[in-house]
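Following: one structure in structure tokens, then a few remarks.
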Amino acid sequence: MRNFARIIAYMLAGAVAFWTPDILLHVRRGYEFASRDMLLLTVLLPWVLFSIYRVLLSLRGKEFKSPSIAFYMLLGVWMLGSSAMTLGAAFTGGGLPHPGEAVNVELLTGLLPSSTFTLAAFDGSLTALLVSTILMIFLHLKYERGSWIIPPAIFREGKKLFRHSEN
């Protein structure tokens, strides 16, 4: 249960770290969002994500056999990205659905990483998203090679099922 709480915390930390500057910039600029803002997002979003990652990594210390901070932060960025961009677009007339619209469909499709990719292209944060994805994969390989991505309990159960089906 402790690892599940960590996974959720890392996902939320990644999403908040990455998407908060994007939302705030869209709130600040509104309809005046321009190409220079896209360049700012390309530098700012990966930098903030990296900074929060380093803080979380230092807080965890030398503990091994724990979830990968980089992987689950990245998962949070991708899973909650379309919801964050929808929130940011609400300040320019788009974004959040109005009462009576198909809210459930939008919320469910918002959890698909493909929605994050598509919306990031319109939002101006696609380059930042791709740079951050490469960065977090690199950080996992460099600093967290011993950390797991698939929870060990699930992996062990899968092995048992596989061995059982062979007999």
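The values are calculated or read from the model by the stated rules, or taken from the named source; none is laboratory data. The structure presented is a predicted model; accordingly, all values stated were derived computationally and were not measured. Counting neighbours? That spans all protein chains shown, and the Cβs are built from the backbone with ideal geometry, glycine included.
Some points to look at:
- Residue count for the stretch 7-34, restricted to those that are in contact (Cβ under 8 Å) with a residue 40 or more places away in the chain and over 19 Å from the mean Cα position of the chain (by Cα): 4
- Restricted to the stretch 114-146, and to residues there that are modelled with pLDDT of 90 or more and not in a helix (DSSP H, G or I), the residue that is farthest from the chain's Cα centre (by Cα) is Glu144.
- With respect to the conditions (1) under 12 Å from the mean Cα position of the chain (by Cα); (2) surrounded by 16 or more Cβ atoms within 10 Å (Cβ to Cβ), Asp37 lacks only one, and its number is (1).
- Where a residue in the stretch 140-162 is within 12 Å of Ser66 (Cα to Cα) and its partner, wherever it lies, is modelled with pLDDT under 85 and assigned to a helix (DSSP H, G or I), with Cβ under 7 Å and at least six apart: Pro151/Asn3
- Selection from the stretch 48-68 of residues that are loosely packed, with under 15 Cβ neighbours inside 10 Å, free of Cβ contacts under 8 Å to residues at least 60 places away in the same chain and of a type outside the set (D, E, K, R): Ser51, Val55, Ser58, Leu59, Gly61
- When residues of the stretch 69-89 are limited to those that are among the hydroxyl-bearing types (Ser, Thr, Tyr) and touching a Leu at 6+ places or on another chain (Cβ under 7 Å), the one surrounded by the fewest Cβ atoms within 10 Å (Cβ to Cβ): Thr86
- Conditions (1) on the phi < 0 side of the Ramachandran plot; (2) in contact with a Phe, Trp or Tyr (Cβ under 9 Å, 6 or more places away or on another chain); (3) in a loop (DSSP other than H, G, I, E, B); number of the one not met by Tyr10: (3)
- Residues of the stretch 49-64 that are in a helix (DSSP H, G or I) and of a type in the set (Phe, Trp, Tyr): Phe50, Tyr53.
- With respect to (1) more than 18 Å from Ala90 (Cα to Cα); (2) buried (at least 16 other Cβ atoms within 10 Å of the Cβ), the lone exception for His26 is condition (1).
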